[in-house]
Amino acid sequence: MITAAEIKWIKSLSQKKFRDSEGMFVVEGEKMVQEALKSGFEVEKVLRKEDIGEAAMARISALSSPSPVLAVVRIPDSRMVVPGDGLYLALDGIRDPGNLGTILRIADWFGIDAVYASEDTVELYNPKVVQATMGAIFRVPFYTAHIPSLCSSYPGPVYGTFLYGENMYSKELSSKGIIVIGNEANGISKETAAAVTDRLYIPPFPADDPGSESLNAAVATAVTVAEFRRRSL
């Protein structure tokens, strides 16, 4: 069974201020809960619909169709590790939860060593972000950082995706460095752009007749990271 007080507490974790004060977040679904349990994260509580009842699960779930299982997980207290000898992503103002979650999945798939996000990027433990990661949240190191400072102090190449830059497919790319992904509407900020050493452009096809104005941030991330990894095969 579950008490009214527990229901109220779990529901409160849908709000950032309570996630921050409690140091907890919620994951839902069989796959996500399994990922949490086998990760190094501390799982505080697991609740199953069969144990608490469908009505109670519907009250604590953030999903339109409540899943059969839900877990409350402690937010890890991790100290930021500066980028070194690897390939990294730096997110400069990603606001859409779905984009951030998908970018984490992309980073997981392509073995990105860590993801750094600006303070104005959507919160990692937002329920929509958590669900969109499909478990990648438990595997990809993620840090909040001042992106311009991070990039300007990095000794290796700092790549950025722009609407005007060098053709990514014909440019020499390093297997190590930072790849900056900008805000969905405004791209990479001026302050961060000043620290970018190599501006990349993903050309449309055909090159002289582009259709869409630009690519979705997560799609651009996938295309860019895939090209970097292809070069190292």
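The values are calculated or read from the model by the stated rules, or taken from the named source; none is laboratory data. This one's a predicted model, so the numbers in the text were calculated from it and none came from an experiment. Methodologically, a virtual Cβ is constructed for each residue, glycine included, from the backbone with ideal geometry; neighbour enumeration extends over all protein chains shown.
Quick notes on this structure:
- Filter result (over 10 Å from the mean Cα position of the chain (by Cα) and of a type outside the set (D, E, K, R)) within the range 91-113: Gly93, Trp109, Phe110, Gly111, Ile112
- Residues (more than 17 Å from Lys8 (Cα to Cα) and of a type in the set (A, V, I, L, M)) located in the range 38-68: Val43
- Screening Gly93 on (1) touching a residue at least 24 places away in the same chain (Cβ under 8 Å); (2) more than 29 Å from Ala193 (Cα to Cα); (3) crowded, with 22+ Cβ neighbours inside 10 Å shows it passes everything except condition (2).
- Failed item, numbered, when Val82 is tested on (1) outside any helix (DSSP H, G or I); (2) assigned by TED's automatic domain parsing to the domain that holds Val129: (2)
- Failed condition for Asp85, given (1) buried (at least 16 other Cβ atoms within 10 Å of the Cβ); (2) in contact (Cβ under 8 Å) with a residue 60 or more places away in the chain: (1)
- Of the residues making up the range 181-192, not a single one is among the acidic types (Asp, Glu), assigned by TED's automatic domain parsing to the domain that holds Thr102 and crowded, with 17+ Cβ neighbours inside 10 Å.
Listed here are the residues, each with its yes/no results for (1) more than 20 Å from Val225 (Cα to Cα); (2) in a strand (DSSP E or B); (3) out of contact with any Gly (no Cβ under 7 Å at 6 or more places or on another chain); (4) at pLDDT 95 or above.
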| site | (1), (2), (3), (4) |
| --- | --- |
| Ala5 | yes, no, yes, yes |
| Val46 | yes, yes, yes, yes |
| Arg59 | yes, no, yes, no |
| Pro66 | yes, no, yes, no |
| Tyr88 | no, yes, yes, yes |
| Gly101 | no, no, yes, yes |
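- Any hit, the range 145-156, residues being closer than 27 Å to Ala36 by Cα, surrounded by 13 or more Cβ atoms within 10 Å (Cβ to Cβ) and modelled with pLDDT of 95 or more: yes
- Looking only at residues in the range 106-122 that are under 15 Å from Val225 (Cβ atoms) and among the small types (Gly, Ala, Ser), the one that is surrounded by the most Cβ atoms within 10 Å (Cβ to Cβ) is Ala107.
- Taking the range 112-127 as the range and being closer than 19 Å to Ala36 by Cα and in contact (Cβ under 8 Å) with a residue 60 or more places away in the chain as the test, the residues that pass are Glu123, Tyr125, Asn126, Pro127.
- Top-ranked residue of the range 16-55 - restricted to ones that are polar (S, T, N, Q) and surrounded by 12 or more Cβ atoms within 10 Å (Cβ to Cβ), ranked as nearest to the chain's Cα centre (by Cα): Ser39
- Looking across the range 157-167 at every residue that is surrounded by 20 or more Cβ atoms within 10 Å (Cβ to Cβ) and modelled with pLDDT of 95 or more, the one that is farthest from Asp85 (Cα to Cα) is identified as Gly160.
- Conditions (1) surrounded by 17 or more Cβ atoms within 10 Å (Cβ to Cβ); (2) in a helix (DSSP H, G or I); (3) among the hydroxyl-bearing types (Ser, Thr, Tyr); number of the one not met by Tyr125: (2)
- Qualifying residue in the range 196-207 (condition: within 17 Å of Ala107 (Cβ to Cβ) and at pLDDT 95 or above): no
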